[in-house]
Amino acid sequence: MTATLTAPAPATSAGLSHRLGLWFAHAYVLGMCGTLAGAYFFQFGLGEYPCPMCLLQRMFFLLSAVGPAWIIARSRNGAVTTREFAAGWGWAVVAALIGSTVSATQVLMHIVPPDPGYAGALFGLHLYTWALIAFLAAAVAAGAALFLAPEAEPLDAGVASPALRRASAVTLAVLLAFAASNLVACFVLQGFHWQMPGDPTSYRLITDLL
Amino acid sequence: MYTLLFLLIFLCVLAVLREWPRRFRMLLWTGTLAATVLAFLPHVLDHTFHIAL
């Protein structure tokens, strides 16, 4: 009498929940970019200069988006493994939690009266307070994606769905655009100086050249 | 210094888009995260928070 051992076949066909899981990664990356767009509005629309702590928070928004962006990029070439899915979202959680520490530090820096806080406010809260809320929400969202991995891992949704395939090009291009524009904006703000004042009042590259 | 950190982050995004080898990509990501944390630390250490804990 012989026993036949058969390993369960890996699930590779992406159902609705798996497609939604990949859409969620898109929403996460675009949400991070949207937050940075809000910061751009304050910088270029309202003429406020970002401080070093503000720049650090922008960095962690970008870094947090890199993990899910990798899941999206990976999904274009075939089935995403659970290991890759977990690594991407785990990275997002780590970066978001460190980012929230930066935001909380800036909140504490300005929390003692009569400190008026740094720069303008949106609906009564300064941008670094909104950043703290955004980072914590992002960490919860990324943690939820990990928790729901059996349902939310994309499997082959990236290649099976034409809409997701098209969206991946757009989402990744948007992230690249925000990474590049932040690089340029920071260079113009800081110029060739190693240090940056805590309360910048000009774009130093321009003032140095003129 | 901050410009260099943004340059590293830009490279991290490029590594995602170009799908660079896993080992190199993870090294770049981790190094960038560590460098960004190091850039943040002086802001905490040098600041007096005026809070009695």
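The values are calculated or read from the model by the stated rules, or taken from the named source; none is laboratory data. Remember, it's a predicted structure, so these values are computed and weren't measured experimentally. Every residue, glycine as well, gets a Cβ built from its backbone with ideal geometry; the counts of neighbours run over all protein chains shown.
You will find that of A:88, A:45, the residue that is crowded, with 24+ Cβ neighbours inside 10 Å and more than 8 Å from chain B (Cβ to nearest Cβ) is A:88 and no other. Residue check: residue A:59 meets all listed conditions (1) within 11 Å of another protein chain (Cβ to nearest Cβ); (2) surrounded by 21 or more Cβ atoms within 10 Å (Cβ to Cβ); (3) at pLDDT below 90 but one, namely (3). The numbered conditions (1) touching a residue at least 60 places away in the same chain (Cβ under 8 Å); (2) of a type in the set (Gly, Ala, Ser); (3) not in a helix (DSSP H, G or I) are all true for residue A:168 except (3).
Each residue in the range A:147-204 was checked for being under 21 Å from residue B:16 (Cβ atoms) and touching a Cys at 6+ places or on another chain (Cβ under 9 Å), and 6 of them qualify. Put simply, of B:33, B:17 the only residue that is assigned to a helix (DSSP H, G or I) and under 12 Å from the mean Cα position of the chain (by Cα) is B:33. Select from the range A:190-199 the residues that are within 19 Å of residue A:44 (Cβ to Cβ) and either touching a strand residue (DSSP E or B) at 6+ places or on another chain (Cβ under 6 Å) or within 11 Å of another protein chain (Cβ to nearest Cβ) (or both) and list them in ascending order. Matches in the range A:190-199: A:190, A:191, A:196. For the range B:36-50, how many residues meet the condition of being in contact with a helix residue (DSSP H, G or I) (Cβ under 7 Å, 6 or more places away or on another chain) and either of a type in the set (D, E, K, R) or part of a loop (DSSP other than H, G, I, E, B) (or both)? The qualifying residues number 2. For the range A:140-177, name all the residues that are buried (at least 19 other Cβ atoms within 10 Å of the Cβ), within 14 Å of another protein chain (Cβ to nearest Cβ) and under 28 Å from residue A:98 (Cα atoms). Answer for the range A:140-177, where residues must be buried (at least 19 other Cβ atoms within 10 Å of the Cβ), within 14 Å of another protein chain (Cβ to nearest Cβ) and under 28 Å from residue A:98 (Cα atoms): A:168, A:171, A:172, A:174, A:175. When we screen A:65, A:96, A:73, A:104 for residues that are among the small types (Gly, Ala, Ser), assigned to a helix (DSSP H, G or I), over 28 Å from residue A:167 (Cα atoms) and within 12 Å of chain B (Cβ to nearest Cβ), the only hit is A:104.
So how many residues does the range A:76-85 have that are hydroxyl-bearing (Ser, Thr, Tyr) and within 11 Å of another protein chain (Cβ to nearest Cβ)?
So in the range A:76-85, the residues hydroxyl-bearing (Ser, Thr, Tyr) come out as A:81-82.
Next cut, within 11 Å of another protein chain (Cβ to nearest Cβ) only: none.
Final tally of qualifying residues: 0.
Of all residues in the range B:4-22 being more than 8 Å from chain A (Cβ to nearest Cβ) and over 23 Å from residue B:40 (Cβ atoms), which is surrounded by the most Cβ atoms within 10 Å (Cβ to Cβ)? That would be B:20.
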